[in-house]
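The values are calculated or read from the model by the stated rules, or taken from the named source; none is laboratory data. Remember, predicted model here, so these are calculated numbers, not experimental data. Glycine also receives a Cβ, built like all others from the backbone with ideal geometry; neighbour counts cover every protein chain displayed. The area values use the complete protein model at the heavy-atom level, side chains included, leaving out ligands, DNA and RNA. Shrake-Rupley method; radii C 1.70, N 1.55, O 1.52, S 1.80 Å.
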Amino acid sequence: MAWDRQLLMGFREGAPDALAEVFRQNAELLTRRLRAAAWRGRGFERLRSELELENAVLEVFARAFEPRARGVYDGVRPFEHFLMGIARNFLLEEARIREHSAGINRELEEQVERVLMQDAPVDAEQELVDRELEGLLEQFKRSLSPEELQLFDLRFTQELGQEEAAARIGLSRIQLRRRELALKKLLLEFLKERGYLRGLEAAGWTFVRRSTGS
Amino acid sequence: MSCTDTTAHLALEQLFVGELSEVAHLELREHARTCAECHEAYDRLTRVEAQLEKSRSGLPAARMKFLESQVLSRAAAQKRAAQARADAGGDRSLWTRVRLWLVPAGGLALAGVLALMLLPKSPPPGVDADGFQARGAGAAAAKSIYGVRAFCIQPEGAKNVSPKVLAEAGPGETLTCAVGNRVQFAYTAPKDARLTLAAPTPAGDWLTFASRIEVKKGTDVPLSFSTPVTTSWLSQPIEVKARFEDPATGKLVAETTLKVTP
């Protein structure tokens, strides 16, 4: 990311606009790299959970935005390296706290650096999980009416904004939002029926635990 | 064991359809930390949303906005705390430090900073299954100047109510802290150490507040996190065991206990 004097000053002072800009410019990369660590790095499987991954992103940014950290960033070296350095320390601390079976050794440190400092190809196991879901979504699309399918395609295949998608179909944005809500409910029901949301069953529009043996 | 928290179930569906408030989202995250079913549902629904959006990061756009908001809240709280420290000048009483720390903690309630974990069946690192049995140090070590105190904190309220310390307990004492408040620990250590704070539950699990965290020497130093009191972990009295280890050798240097009750 490019740093101008104003952004750097704002960042150092902790100005919300500057911090938000830095977050937006770097959050995707950090999330991707932490995810890579989870799938490719031995010992960080915990971060395969989306909730834990979110917590890790929060923690790394929180550390990067601490007054002392903001004060030492010079705006010259790439912020990406600065952020990944914090992420590296976070991951190694996590491994230490959770008593990584192999201990913290040079190999583990190198592995963390490797996954954090460069984009890695998607791990085969991760791809498998993604494909399972992709397949389910394809099946779901085949179960939709032409109108529902059109909405799904505009919003999720062509990735149009609600405003633009509404205009294409000839609806108001509110009407489109309602239909999208209904579509998501259908999707939820579909995923539940296919066993993707194991153990949770929708009763009306509320989850209840499916009783075993019934 | 099945989850019967209907509020959490409703929150999950609202999250998926994009109608969950930020506060309710924080509560859901807190619940999901200790509820395996809701944790898994949260993960799976997040994956579906991200896949629908073809998100490059793998997290949905709305989730990124939520994270941004949380990070900015925390940064703002840190800034306020730093300012308050500067304003307080030389006043470094424990109460002041606890209150200063609470500014970031109070408004945040991030699952990420909550150091409470439910560990299944096995004790946390460094803790014997039968409790904190001294290995060599024994009672003499427990009587040393190492120690832990716990505080019950009323968090910052919606109407700018300042965080307030409601109660305090030292080694061997009992802290009463009702649901909705937060428990904050502070330690005293004459040397740098590793600190573990954990409590056994009747089910044989361990509630771990801190697991071998590195602490610098100091007197009445508040830990960098507090834990919101919920019925999921504090429905009956628990005995929190504090264990200090030498960071270099891992040897026990002191241990102590205190009770926390709802």
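The condition (being buried (at least 16 other Cβ atoms within 10 Å of the Cβ), within 7 Å of chain A (Cβ to nearest Cβ) and in contact with a Leu (Cβ under 8 Å, 6 or more places away or on another chain)) is satisfied by just one residue among B:E30, B:E37: B:E37.
Contact annotation: residue pairs with Cβ atoms under 8 Å, 6 or more positions apart or on different chains, pairing a residue in the range B:3-27 that is facing chain A (nearest Cβ under 10 Å) and within 18 Å of A:A182 (Cβ to Cβ) with a partner that is of a type in the set (S, T, N, Q) and outside any helix (DSSP H, G or I), are B:L10/A:T206; B:E13/A:T206. If only residues of the range A:50-75 that are more than 24 Å from the chain's Cα centre (by Cα) and free of Cβ contacts under 8 Å to residues at least 12 places away in the same chain are counted, the one that is farthest from B:K79 (Cα to Cα) is A:D74.
Taking the stated definitions as given, is B:L72 at pLDDT 90 or above, at the interface with chain A (Cβ under 7 Å from one of its Cβ atoms) and touching a Pro at 6+ places or on another chain (Cβ under 6 Å)? I'd like the intermediate steps shown before the answer.
Working: at pLDDT 90 or above: yes; at the interface with chain A (Cβ under 7 Å from one of its Cβ atoms): yes; touching a Pro at 6+ places or on another chain (Cβ under 6 Å): yes.
So B:L72 passes the test.
Checking each residue of the range B:206-229 against the condition of being farther than 18 Å from B:Y146 by Cα, open to solvent by 30 Å² or more (accessible area, probe 1.4 Å) and not small (G, A, S) gives no match. Taken together, the residues in the range B:56-69 that are more than 7 Å from chain A (Cβ to nearest Cβ) and open to solvent by 30 Å² or more (accessible area, probe 1.4 Å) amount to 4.
Just one of A:L137, A:L151, A:L183, A:L144 is surrounded by 13 or more Cβ atoms within 10 Å (Cβ to Cβ), modelled with pLDDT of 85 or more and outside any helix (DSSP H, G or I); which is it?
After ruling out the rest, the residue left standing is A:L144.
Candidates are the residues of the range B:242-261 that are among the charged types (D, E, K, R) and open to solvent by 30 Å² or more (accessible area, probe 1.4 Å); the one that is modelled with the lowest pLDDT is B:K251.
Close contacts from the range A:173-187, counting a first residue that is within 9 Å of chain B (Cβ to nearest Cβ) and without any contact (Cβ under 8 Å) to a residue 60 or more places away in the chain and a second that is of a type in the set (D, E, K, R) and assigned to a helix (DSSP H, G or I), with Cβ to Cβ under 7 Å and a gap of 6+ residues or different chains, come to A:E180/A:R155.
A:R68 fulfils the conditions (1) of a type in the set (K, R); (2) in a helix (DSSP H, G or I); (3) touching a helix residue (DSSP H, G or I) at 6+ places or on another chain (Cβ under 7 Å); (4) open to solvent by 30 Å² or more (accessible area, probe 1.4 Å) except for a single criterion, (3).
Residues checked against (1) open to solvent by 30 Å² or more (accessible area, probe 1.4 Å); (2) within 24 Å of B:A82 (Cβ to Cβ); (3) assigned to a helix (DSSP H, G or I):
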| position | (1), (2), (3) |
| --- | --- |
| A:F11 | no, yes, yes |
| A:D17 | yes, yes, yes |
| A:L34 | no, no, yes |
| A:A38 | no, no, yes |
| A:G43 | yes, no, no |
| A:R63 | yes, yes, yes |
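Residue count for the range B:198-218 under the criterion of being within 14 Å of chain A (Cβ to nearest Cβ) and within 16 Å of B:P237 (Cβ to Cβ): the result is 3.
Surrounded by fewer than 18 Cβ atoms within 10 Å (Cβ to Cβ) and facing another protein chain (nearest Cβ under 10 Å): is that true of A:E50 in this structure?
No.
So, A:L91, is that one in contact (Cβ under 8 Å) with a residue 12 or more places away in the chain, open to solvent by less than 10 Å² (accessible area, probe 1.4 Å), assigned by TED's automatic domain parsing to the domain that holds A:A15 and of a type in the set (A, V, I, L, M, F, W, C) or not? Answer is yes for this residue. Name every residue in the range A:55-99 that is of a type in the set (G, A, S) and either facing chain B (nearest Cβ under 9 Å) or within 19 Å of A:Q25 (Cβ to Cβ) (or both), in order of residue number. Selection gives A:A56, A:A62, A:A64, A:A69, A:G75, A:G85, A:A87.
I'd like to check something: does the range A:30-39 contain any residue that is among the aliphatic types (A, V, I, L, M), free of Cβ contacts under 8 Å to residues at least 40 places away in the same chain and touching a Lys or Arg at 6+ places or on another chain (Cβ under 7 Å)?
Pass one, the range A:30-39, residues among the aliphatic types (A, V, I, L, M): A:30, A:34, A:36-38.
So of that shortlist, the ones also free of Cβ contacts under 8 Å to residues at least 40 places away in the same chain come out as A:38.
The next check asks that each one be touching a Lys or Arg at 6+ places or on another chain (Cβ under 7 Å); those that pass are A:38.
Within the range A:30-39 (the criterion being among the aliphatic types (A, V, I, L, M), free of Cβ contacts under 8 Å to residues at least 40 places away in the same chain and touching a Lys or Arg at 6+ places or on another chain (Cβ under 7 Å)), the answer is yes, since at least one residue qualifies.
Residues checked against (1) within 23 Å of the chain's Cα centre (by Cα); (2) part of a helix (DSSP H, G or I); (3) of a type in the set (S, T, N, Q):
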residue	(1), (2), (3)
B:L20	no, no, no
B:R33	yes, yes, no
B:D43	yes, yes, no
B:T46	no, yes, yes
B:R56	no, no, no
B:R63	yes, yes, no
B:A76	yes, yes, no
B:A82	yes, yes, no
